[in-house]
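Values in this text are rule-based calculations from the coordinates and carry no lab data. Given the structure is predicted, the values throughout are model-derived calculations rather than measurements. Quick reminder, even Gly has a Cβ in these numbers, built from the backbone with ideal geometry, and neighbours come from all protein chains shown.
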Amino acid sequence: MRKITVAKGDGIGPEIMDATLEIIKAAGAKIEIEEIEVGEKVYLSGNTSGIAKESWDVIRRNKVFLKAPITTPQGGGYKSLNVTTRKFLGLYSNVRPCNSFHPFVKTKHPIMDIVMIRENEEDLYAGIEHQQTDEVVQCLKLVSRPGCEKIVRYAFEYAKQYGRKKVTCFTKDNIMKQTDGLFHQVFDEIAKEYPEIENEHWIIDIGAAKMADTPEVFDVIVTLNLYGDVLSDVAAQIAGSVGLAGSANIGEECSMFEAIHGSAPRRAGQNMANPSGLLQGAIMMLNHIGETEVAEKIQNAWLKTIEDGIHTYDVYKEDTSKQKVGTKEFAQAVIANLGKMPSTLKPVTYAKGSALNLPKYKKRPAAKKELVGVDLFLHWNGTNANELAAKVQALDSNGIKLSMITNRGIKVWPEGFEETFCTDHWRCRFKPTEGSAITKQNIIGLLTQALDKNIDCIKTENLYTFDGKAGYSLGQGQ
Ligand code: NAD
C-alpha cells in the first residue's frame with residue numbers, strides 16, 4: 001500500500017474528490033489515504049498560507065499529494081497555496097495533457113492530443129524585480145542548467161512512459177541567446193539520449209501560432225515557465241475541455257496532482273460538478289507511482305463513459321450526449337465501465353508497472369571562468385549618448401576602457417542613431433584594451449571614481465567567459 005496525502009479542498013472539492021477516490025479504489029489502486037485540511041477554513045482561521053505546519057509534515061512524509069481545488073479568500077494578505085507548494089517542495093515540472101474528445105465534446109480541433117510540460121520554478125517567475133531609475137524597472141529572468149536538464153529530461157521520460165512519439169521545444173533563443181539559448185542547448189543535448197523519440201525546436205511565436213491553428217502536429221511540448229503558463233491555458237481552452245483536464249506538479253522528492261479548474265463555489269453541494277479534471281490528475285498520479293495498469297483501466301473506462309454520452313451538465317449537449325448525470329452518478333458510470341474499452345476514442349496503453357525514471361541532477365565540473373569586462377548601469381537624466389560617453393570616459397584607467405553604451409539593450413554609442421529613443425537607464429560596457437586584463441579590483445576602482453565624479457551607478461554585471469565562450473550577449477546593433 002502506498003500512502004498518499006489527500007486534501008478535499010473547498011467548493012465542489014469534497015464532492016469531486018469523493019467521486020475520484022471511489023473510482024480509483026474500485027479500480028484496485030493500492031493506496032492508503034491520509035487526509036489533511038487546506039484552503040478556506042485554514043485561511044479564515046488566521047493562517048495566511050492556507051495550510052498548517054502539521055499538514056506540511058504529512059505532505060513531506062507521504063511525498064505524493066492529491067489536491068482538490070481550494071478557494072483563496074478575497075482581500076489582501078492570503079498567499080496562493082499552489083505557488084507556495086510548488087516552490088517549497090521543488091515541484092519543477094508542470095504537466096498538463098490537453099486532448100480533444102471529438103465528437104463527444106465540442107471543439108474546433110477534433111484531432112488534438114498535446115501534453116504541455118512547463119518548467120515551474122524559475123524564469124521570470126523567480127519574482128526578482130527592482131526599480132532602478134525613475135523610468136525603468138527590471139525583472140530578472142533566471143534560467144539554470146539544473147532547471148533545464150530536469151524539465152527536459154522529464155519531458156523525454158514522460159514521452160517514453162506514455163508511448164509518445166515526439167517532443168517539441170519552444171523558446172525565443174533568437175533573441176535571448178543566453179537564457180532561452182541554454183534551454184535549447186540542453187534540449188538538444190538530452191534529446192540525443194532518446195534516439196527513439198523524435199525531437200524538434202520551434203521559435204515560440206510561430207510555434208504558438210501553429211499550436212493554436214494546427215494542434216494536431218504537436219505531441220509533447222516542453223518550454224520555459226512564462227511561455228508554458230500562457231500556452232497551457234491556450235491549449236486547454238482550444239481542446240474545448242477545460243473542465244476535463246488535470247495537471248501534475250512533479251519534483252525530485254514530492255509531487256502534487258490536481259484538476260486545472262477552481263473550486264466553482266456556486267456549484268458546490270449540488271451533486272452537479274464534473275469530477276473528470278481531478279480524476280485525470282489522479283490517473284497521472286497512479287502512473288507516477290507505478291500503478292500503471294490501474295491508471296490505464298480507469299482512463300479507458302472514463303473514455304468509454306464520455307463516449308457513451310453520460311455527461312455532467314458542463315459537457316452535456318442535447319445532440320451529442322445521451323444522459324445528464326450528477327457527480328455521483330458519473331462516478332458510478334465510470335466504475336461500471338472498468339475493464340471496458342472505448343470504441344471511437346483511442347484507448348490508452350501505458351508502459352506497465354514502472355514509475356517515471358527520473359535520475360537526480362548531477363553537478364558538472366566547474367568551467368574555467370575568466371573575468372573579461374564589466375557593464376556599469378547608470379541612472380542619468382540626459383538624452384545625448386555622446387555627452388554621456390564623454391563623462392564616462394573620464395573613468396577609463398589601468399587599460400580598462402569604455403567600449404559601448406546601450407539604452408534598453410540597443411547600442412547608442414559609438415555610432416548610435418539620433419532616432420533611438422533613450423530612457424534614463426544606461427549600460428556602459430568597460431573592457432580591457434589589447435594586452436591588458438581586468439580584475440575585480442579594477443571594477444571597484446571604476447565604482448569609486450564614479451562615486452567621486454557624481455555618476456549614479458545603480459548596478460554592475462561582470463562579463464565572464466566560461467571555457468573561453470562568452471557568457472554575455474552583445475549590444476543590439478553591435
Ligand atoms: P472555477 O474554475 O472554479 O470556475 C469557472 C467556471 O467553470 C464556473 O462557471 C464553474 O461553475 C465551472 N466549473 C469549474 N469546474 C467545474 C467542474 N468540475 N464541473 C462543472 N463546472 C465547473 O474558476 P473561478 O470561478 O475563477 O474560481 C473559483 C475559486 O477557485 C476561486 O477562489 C479561485 O481562487 C479558486 N481556484 C483554485 C484553483 C486551485 O485550487 N488549483 C485553481 C483556480 C481557481
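A few remarks follow.
- Stretchable slack from LYS41 to GLU329, in nm (0.36 nm times residue separation minus alpha-carbon distance): 100.9 nm
- Mean residue ellipticity (222 nm) of the chain, computed from DSSP H runs ≥ 4 via -39,500 (n - 2.57), nearest 500: -10000 deg cm²/dmol
- On the principal axes of its alpha-carbon atoms, the range 1-158 has extents of 61, 47, 32 Å, going from largest to smallest.
- Near-label residues of the range 113-131 by backbone N, under 12 Å of a point 7 Å along Cα→Cβ of TYR361: 120-123
- Relative contact order %, the chain, counting alpha carbon pairs below 8 Å whose residues are six or more apart: 16 percent
- Using θ = phi - 60° in the Karplus curve 6.51 cos²θ - 1.76 cosθ + 1.60, the 3J(HN,Hα) couplings for the range 452-462 round to 4, 8, 6, 9, 8, 8, 9, 5, 10, 10, 6 Hz; x is entered for Gly and Pro.
- Percent of Cα pairs exceeding the 16 Å cut-off, where the set is the range 346-407: 69 percent
- Distance between the pseudo-spin-label points of PHE421 and VAL242 (7 Å out from Cα toward the beta carbon): 3.4 nm.
- Size of charge dipole - the range 1-134 - debye, nearest 20, with Cβ of Lys, Arg +1 and Asp, Glu -1, no other charges: 420 debye
- Both radii are taken from the alpha-carbon atoms of the range 214-343; with Rh as the Kirkwood radius, Rg/Rh is 0.97.
- Between the range 410-478 and the range 117-195, the Cα center-to-center distance that results, in Å: 27 Å
- Inter-site label distance for GLU34 and GLU461 at 7 Å from Cα along Cβ, in nm: 4.5 nm
- Relative contact order (percent, whole number), the range 369-470, Cα cutoff 8 Å, 6+ residue spacing: 46 percent
- When the square roots of the Cα gyration tensor eigenvalues are ordered a ≥ b ≥ c, the ratio a/c for the range 304-459 is 1.5 or more and a/b exceeds b/c, which makes its shape prolate.
- Assuming charge only on the beta carbon of Lys and Arg (+1) and of Asp and Glu (-1), the dipole of the range 424-478 about its Cα centre is about 80 debye to the nearest 20.
- Charging the Cβ of each Asp and Glu at -1 and of each Lys and Arg at +1, and nothing else, the dipole of the range 413-454 about its Cα centre rounds to 340 debye.
- When you filter the trypsin sites (Lys or Arg not before Pro) in the range 4-60 for DSSP loop state and at most 16 other Cβ atoms inside 10 Å of their Cβ, you are left with LYS30.
- Radius of gyration over Kirkwood radius for the range 393-452, both on Cα atoms: the Rg/Rh ratio is 1.02.
- For the range 196-291, the Kirkwood estimate of the hydrodynamic radius, built from every pair of different alpha carbons, is 15.4 Å.
- Cleavage-rule hits (trypsin sites (Lys or Arg not before Pro)) in the range 288-332: DSSP loop, at most 14 neighbouring Cβ within 10 angstrom: LYS317, LYS322
- Cα-based shape type of the chain, given that a ≥ b ≥ c are square roots of the gyration tensor eigenvalues and the cut on a/c is 1.5: prolate
- Candidate lysines for bridging to LYS322, where Cα separation is under 16 Å - those fewer than 8 sequence places away on the same chain excluded: LYS106, LYS304
- Convex hull volume per residue in cubic angstrom - Cα atoms of the range 369-470: 99 Å³
- When the charge dipole of the range 369-470 is built from unit charges on Cβ atoms (+1 for Lys and Arg, -1 for Asp and Glu) and taken about the Cα centre, the candidate among SER436, ILE458, THR383 whose Cα reaches farthest toward its positive end is SER436.
- Longest segment of the chain lacking GluC sites (Glu not before Pro) that sit in a DSSP loop with at most 13 other Cβ atoms within 10 Å: 1-134
- The distance between label points at ASP396 and GLU193 comes to 4.9 nm (points 7 Å beyond Cα on the Cα→Cβ vector).
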